[in-house]
Amino acid sequence: MMVVAIIGLLMATGVPAILSVTREAPMRKAVNDMLDICSHARAQAILRGQMTIVVFHPRLRQVALSGGADASVPAAPATRVGRASVNSAEFDPSVVIEGLGINNFDYTDSDGEARVRFFANGTSDEMTLVLSSGGEYRKITLEVTTALASVGNVR
């Protein structure tokens, strides 16, 4: 009975830790979704040999890869282990878009849509996205000549 009680106690203390590992925090999920979408857009543009566009709706906190998937082009692999590739995302209400700059234009407070183009030669428009959640800030930038996204801390 003591062994069963000890195992039960260990399981009860371990369940919250296991659940926290399987559920992504809102900021981490937003950043990972953005990296996934940018990676997928770059891969599609290069593999298809045509421009691919990522569309932002800043006020709605949404981002999506425009256009449908082409069956003749292999899907881009997911950047997260155990998760499917993401083509669109809506950020959690706790995640705020603090800044969205594309080609030196500010789209942070835009009611419409903002577009980032990924080109067939592996380049892209310049983009800087700043996200905040609970005092935590992350900056996602696209390197123009390679269209690769990078993440940095703001504060």
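Modelled this way, with points 7 Å down the Cα-to-C-beta line, the labels at L10 and Q62 are 4.8 nm from one another. Amide H to amide H, with H built 1.01 Å from N, E98 comes under 5 Å of V130, L131, S132, counting only residues 5 or more places away or on other chains.
We did not get these values from a lab; they are worked out from the coordinates using the rules stated. Predicted, not measured: the structure shown is a model, and the values here were computed from it. Cβ atoms come from the backbone with ideal geometry, glycine included; neighbour counts cover every protein chain shown.
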